[in-house]
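Heads up, the thing below is written out as structure tokens.
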Amino acid sequence: MMKDHSPSHLIRPPHSEHGVRHVLFTELTAEEAMRVIRAERQGHFDFEEPSNQVEVRNGDPEPDIPETVELFALSTGREGILDTSNFRYISGQAVGLMRLDQSERNAIVAASTGAGKSFVACALAAKYLAADPNAKVLYITRQKPLVNQIKRDASRCLTLGDEEMAILTGDVSPIKRKAIYDGDSRLQFATPQTVNNDVKSGRINLEDYALVIVDEVHKSRGRDAAAEILRRAQKLENKPRVVGFSATPYADEKERDALLTLFGESSSALTKNVIENVDRILINVGRGEKKYVRHDIELPLAIRTPAAILEDGIGDCHDKIVDALVGYPDLQKEAAEFVHIPSEGHLSVVGEHVTTAFVKKVREHIEPDMERSPWRSNLIDHVYTLGAFGRYHQYLTQTGRFFFLDRVGKELAEARLIKIEDEDGRIKPAMFARASEGQNWFYRMLSVNPELGMYKFLLEDTYRQVSRGTEYQFVLDDRQVRTLGQLAMCVDGVEVDEFIRDPDPETTERPRFPTAASMIKHVFQVMQSNLAQHDGFYDHPLTETTMHLLESHLRNRRPGNVLLYSKFYDDAVFLAEHAEHRLRHYGVQSRAVAGGKYMRHRDSREIMEQFSDGEIDFMVGTSFLTEGHHIPGANTLIMKHQPARGDELQQFMGRVGREWKGYIHGLVLPTSEGTFYSNIRKMVKASRLLEHDFRGGEHYLSPS
């Protein structure tokens, strides 16, 4: 089926879907974000109306905007460097650049998503490159694919030759990087990790640069590499000018103060809340509106029934922890908050990072003396168990049956199934094999502590229910499967000898998978692919709603392609395969994309380019999508999971609607409703900070 992506075919989503609320707001606009809250009758948030009065405390006069890009280049000294035939001349960008030209102070630029940050940054670099033929500019951006993307943007909007621009990432050897730093290239693009390492080793001297640009500057926190670079730059005698770009520079006063400190604003200036050392410039190009469609998702019996088994274990384990802490009221009170059961009956457990931090507190407050040591160890084991069970419950109820089967199945396979042959041909469990083939730590703990044995049975019982009717059920079937190799035969038809034979010392031939871990990974990849093509498999209403929305997009021939956000990469891979199978009559091409933790940067860059070129209809990504990627043609975003931060929500929204009207579909479970409203609240607060702190705010928060 041929798809027509022209704007004239834009069709609004149907308004007859049950349980769907339609709310309209433009990105990061406080007044319209307030409508979200009012529409959902959340008046208890008690927000004040955003003021339309903006206090501009910088006395520089407002610039007159040149009518053409040629006049802009001439009037600002960028002629000869700025390629006026290719540069996208937008008045909002020109105003921001001219405000940046009014001083040499360090600056933070809040550029709304889709405002063309890379073009503005390159035009800012052009000022310094045109003024001094020996000037150098360093452009720091987060991901290797982004480095290449921004260099392409620079090639289009600047007249510099290839020899005058250079890329510096970990793929370039340290010796070559040193030669590039000392060479003739004038505009250098690099990742923060690479620059920070080279600053430490002395390969690069930041004093050699007139300007340092830091992209996605809101992530410069703590020990982040970009934050380290900013700190080092402020200690130099001949400091380069530093300008940071972000759609969401900071969400609250604490983040603001931390970021401004990195840019050199003194503590006294922070106390007075006066713009003295750091310019704050807002660029808003007035992109089109976005339609946010909220979908309320209820859990079906297929999810609630097995989840109830886990909930029994969670309740029992939680009661034991609270009872054990009778003599420690502060710890007991904190532990009592680990499990929450609202009136609707949807149980939720704190994150595993919370229970892990609590274990540290237990160790600090309860001394391991002779009498208490066994009790204390048992208590710690129960806290770890509660955290793990909460994680498993989240996998099942908030992500889907596949992801529960995949994560839990691999761990159960490590604990129970992996058996290898010793020299005498006897089968032995992996816990007695090499460390790389040992049991998962959690199941080893359940095996050692007799009081925790019941939780292992509960987990296996849940797994059996969820895996029924799929190849995953073989994982716990000892009657059919005695070795992992035999499981591989069940799902892949691979001969057992290919897995367990020892390498022949006389040849270079090696077993197909040298470790049990690699065997497990392969087997589960095959089962995932088979499950994704299972016509009758019901994963989760989140998955079903995603498939429905994707089909609606294709059926109604809406412009642009579709992005989907999933919190987990394995889940993203499953959704991509599942979409191709379910929608094969549309000829859908889909891929999963993630950052360097899961795939090579070259692969992720190729997928992004294929998606931008229209070769891929549907792309599933993790939080990697918030890294500032320019994805033209993506006009629909489906958010399977609610992001953890309000600025992440804003970053996700910025991926769509750059060419036509954008649609954002938010899938909201009862347990994630609080996160949804929290993100909206953070967006309101962040937008009010922008209104107060940044020049240009009067245009950013205009009344509807």
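Tabulated results
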item: For ARG78: the one exception among (1) modelled with pLDDT of 85 or more; (2) touching a Phe, Trp or Tyr at 6+ places or on another chain (Cβ under 7 Å); (3) within 16 Å of ALA125 (Cβ to Cβ); result: (2)
item: Within segment 384-414, tally of residues that are outside any helix (DSSP H, G or I) and out of contact with any His (no Cβ under 6 Å at 6 or more places or on another chain); result: 0
item: Residue among GLU334, GLU352, GLU367 that is of a type in the set (D, E, K, R) and modelled with pLDDT of 95 or more; result: GLU334
item: Residue under evaluation LYS567, criteria (1) at pLDDT 85 or above; (2) part of a helix (DSSP H, G or I), criterion not met; result: (2)
item: Residue within segment 570-579 that is farther than 11 Å from ALA592 by Cα, buried (at least 20 other Cβ atoms within 10 Å of the Cβ) and over 22 Å from the mean Cα position of the chain (by Cα) present; result: no
item: Residue list for segment 148-207, filter: among the acidic types (Asp, Glu), surrounded by 13 or more Cβ atoms within 10 Å (Cβ to Cβ) and either farther than 25 Å from GLN93 by Cα or at pLDDT 90 or above (or both); result: GLU164, ASP171, ASP198
item: Filter pass, ALA115 being crowded, with 23+ Cβ neighbours inside 10 Å and either modelled with pLDDT of 85 or more or outside any helix (DSSP H, G or I) (or both); result: yes
item: Out of ASP461, ASP504, ASP539, ASP478, sole residue that is part of a loop (DSSP other than H, G, I, E, B) and modelled with pLDDT of 90 or more; result: ASP539
item: Single match in ALA572, ALA517 (criterion: part of a helix (DSSP H, G or I), of a type in the set (A, V, I, L, M) and at pLDDT 90 or above); result: ALA572
item: So GLY614, is it in contact (Cβ under 8 Å) with a residue 60 or more places away in the chain, surrounded by fewer than 19 Cβ atoms within 10 Å (Cβ to Cβ) and not in a helix (DSSP H, G or I); result: yes
item: Complete set of residues in segment 221-262 that are assigned to a loop (DSSP other than H, G, I, E, B) and loosely packed, with under 15 Cβ neighbours inside 10 Å; result: ARG221, GLY222, ARG223, LYS235, LEU236, GLU237, ASN238, ASP252
item: Candidate set from segment 636-655 (those that are of a type in the set (Gly, Ala, Ser) and at pLDDT 70 or above); member that is surrounded by the fewest Cβ atoms within 10 Å (Cβ to Cβ); result: ALA644
item: Qualifying residue in segment 88-100 (condition: in the same structural domain as LEU230 (by TED's automatic domain parsing), at pLDDT below 75 and not in a helix (DSSP H, G or I)); result: yes
item: Exclusive hit being touching a Gly at 6+ places or on another chain (Cβ under 6 Å), more than 27 Å from LEU690 (Cβ to Cβ) and not assigned by TED's automatic domain parsing to the domain that holds ASP647, set ALA73, ALA130; result: ALA130
item: Hits in segment 551-564 (condition: part of a helix (DSSP H, G or I) and surrounded by 24 or more Cβ atoms within 10 Å (Cβ to Cβ)); result: HIS553
item: Qualifying residue in segment 581-591 (condition: hydrophobic (A, V, I, L, M, F, W, C) and buried (at least 23 other Cβ atoms within 10 Å of the Cβ)); result: no
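For (1) touching a strand residue (DSSP E or B) at 6+ places or on another chain (Cβ under 7 Å); (2) modelled with pLDDT under 75; (3) surrounded by 24 or more Cβ atoms within 10 Å (Cβ to Cβ), each residue gets a yes or a no:
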{"position": "SER604", "(1), (2), (3)": "yes, no, no"}
{"position": "GLU627", "(1), (2), (3)": "no, yes, no"}
{"position": "ALA634", "(1), (2), (3)": "yes, no, no"}
{"position": "GLY657", "(1), (2), (3)": "yes, yes, yes"}
{"position": "TRP660", "(1), (2), (3)": "yes, yes, no"}
{"position": "TYR677", "(1), (2), (3)": "no, no, no"}
{"position": "MET683", "(1), (2), (3)": "no, no, yes"}
{"position": "HIS692", "(1), (2), (3)": "no, no, no"}
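The values are calculated or read from the model by the stated rules, or taken from the named source; none is laboratory data. What you see is a predicted model; the values in this text were computed from it and never measured. Note: ideal-geometry Cβ built from the backbone for every residue, glycine included; neighbour counts use all protein chains shown.
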